[in-house]
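Readers should treat all values here as calculations from the given coordinates under stated rules, not as data from a laboratory. Given the structure is predicted, the values throughout are model-derived calculations rather than measurements. For neighbour counting, all protein chains shown are included, and Cβ atoms are generated from backbone atoms with ideal geometry for every residue, glycine included.
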Amino acid sequence: MSGFLEGLRCSECIDWGEKRNTIASIAAGVLFFTGWWIIIDAAVIYSPMEDFNHSYHACGVIATIAFLARIWLFIGFMLAFGSLIASMWILFGGYVAKEKVVVYPGIAVFFQNAFIFFGGLVFKFGRTEDLWQ
């Protein structure tokens with residue numbers, strides 16, 4: 001997966017060599033920002049505790065720690081997958097199965113963690129350390 005930018009069809013018309021780390025870092029940052037933007041939107045719109053339990057922010061915090069724990073790859077993946085699975089549990093167990101009228105906070109928790117997860121994957125595998133030397 002570390003060479004996913006070379007697999008694009010436009011790799012013949014654009015030289016990714018010098019720009020690879022920049023593009024991967026920007027894409028990871030945009031995904032990370034989008035995830036937090038979605039959860040902030042849900043927290044502002046559905047601020048009462050009965051609409052959106054504020055303890056559900058723990059998944060996003062754990063996903064953020066996994067995003068930053070690049071040095072310990074296994075711990076980062078464990079935290080990232082755990083928070084993604086927990087966000088699915090919050091979505092389905094807390095909103096869909098209980099047949100609540102408002103489901104958007106559960107969807108926001110899931111999308112926050114999904115965007116942070118994919119941003120972490122792009123940040124970890126989209127860049128190469130060969131350009132730093």
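Summary of values
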| item | result |
| --- | --- |
| Reachable lysines, given that their alpha-carbon falls under 26 Å from the alpha-carbon of Lys124 and they are not under 8 places away in the same chain | Lys19 |
| Segment Leu73-Phe125, length gained on full extension (0.36 nm per residue, minus Cα span) | 17.6 nm |
| Loop trypsin sites (Lys or Arg not before Pro), the stretch 81-127 (other Cβ atoms within 10 Å of the site Cβ: 16 or fewer; DSSP) | Lys98, Lys100 |
| Residues Ser83, Ser55 arranged by fewest to most Cβ contacts within 10 Å | Ser55, Ser83 |
| Estimated FRET transfer efficiency when R0 is 35 angstrom, pair Asp51-Ala27 (beta carbons, to 0.05) | 0.60 |
| Karplus-derived 3J(HN,Hα), 6.51/-1.76/1.60, for each residue of the stretch 114-127, Hz, glycine and proline x | 5, 5, 5, 4, 5, x, x, 5, 5, 5, 7, 10, x, 9 |
